[in-house]
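The values are calculated or read from the model by the stated rules, or taken from the named source; none is laboratory data. Just so we're clear, the structure is a prediction, and the values are computed from it rather than from any experiment. In this analysis, Cβ positions are derived from the backbone assuming ideal geometry, glycine residues included, and neighbour counts consider all displayed protein chains. Just the protein is used for accessible areas: all its heavy atoms, side chains included, with ligands, DNA and RNA removed. Shrake-Rupley method; radii C 1.70, N 1.55, O 1.52, S 1.80 Å.
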Amino acid sequence: MSLTNKNLNLPIAIVSIAIPVVVALLMFLPRQHMEAGFNVTVLPLFHAALNSATAVLLLASLYFIKTKHIKAHKIANLIAVALSAIFLVSYVTYHFFVKSTMFGDVNHDYIVTEAEKAAAGGLRYVYFFILITHIVLAGIIVPLVLFTLLRGFQNDFEKHKKIARITWPIWFYVAVTGVIVYVMISPYY
């Protein structure tokens with residue numbers, strides 16, 4: 001059966017639920033100290049680079065579809081999906097081996113004291129707003145991207161266009177805020 005005739009709603013739903021569950025488990029479950037076999041501290045910068053490239057590809061994709069360069073539009077989106085998948089694997093790998101960095105934790109003891117909070121000031125609120133919206137929308141974007149791609153591959157261009165109008169700005173926001181979160185938290189690595 002070809003992709004154009006398949007109903008992939010269930011697999012998309014499973015993937016869309018499994019990804020946030022795995023990420024949440026990595027964040028909250030206790031872990032044994034393990035070595036990755038490579039320097040995982042380079043991964044946050046790598047993630048920011050992947051998010052930057054994804055944002056650029058999304059802008060290119062928008063330009064290509066507006067100028068009716070359909071093949072270039074498809075290629076830009078497929079590369080953006082591939083980079084997002086690489087990001088996800090790398091992100092899960094990083095958080096498997098490293099505890100989450102805390103904004104304001106100057107001495108890296110995983111406790112943000114009142115003095116450290118005061119030193120970070122109002123920027124903490126900006127950071128947490130961006131981080132929370134980034135996380136929530138990152139969870140929402142997975143099924144949107146998958147359904148948008150599916151509609152495109154099924155040549156259902158009306159539905160593809162309709163869902164893409166929702167998917168694109170959310171995906172772009174997630175990519176850009178991923179970079180902003182990295183820039184804001186990087187002094188605390």
Self-check item: Evaluation of Ser84 against (1) more than 20 Å from Gly139 (Cα to Cα); (2) of a type in the set (Ser, Thr, Tyr); (3) surrounded by 14 or more Cβ atoms within 10 Å (Cβ to Cβ) (one fails), failing number
Solution: (1)
Quiz prompt | Filtered residues of region 37-59 (kept if open to solvent by 30 Å² or more (accessible area, probe 1.4 Å) and not hydroxyl-bearing (Ser, Thr, Tyr)) | solution = Gly37, Phe38, Asn39, Val42, Leu45, Phe46, Ala49, Ala53, Val56, Leu57, Leu59
Quiz prompt | Qualifying position, being out of contact with any His (no Cβ under 8 Å at 6 or more places or on another chain), assigned to a helix (DSSP H, G or I) and of a type outside the set (Ser, Thr, Tyr), among Phe64, Phe128 | solution = Phe128
Exercise. Mind listing just one residue for me: the one in region 60-79 that is over 17 Å from Phe172 (Cα atoms) and not aliphatic (A, V, I, L, M) and, of those, least open to solvent (accessible area, probe 1.4 Å)?
Key: Thr67
Quiz item: Does Thr148 qualify as being touching a Leu at 6+ places or on another chain (Cβ under 8 Å), open to solvent by less than 30 Å² (accessible area, probe 1.4 Å), farther than 28 Å from Gly104 by Cα and of a type outside the set (Phe, Trp, Tyr)?
Solution: no
Quiz item: Are there any pairs with C-beta distances below 6 angstrom linking a residue in region 88-109 that is touching a residue at least 60 places away in the same chain (Cβ under 8 Å) and farther than 21 Å from Ile132 by Cβ to a residue that is assigned to a helix (DSSP H, G or I) and not β-branched (Val, Ile, Thr), with the two at least 6 apart or on different chains, and if so which?
Solution: Phe96/Leu26; Val106/Glu116
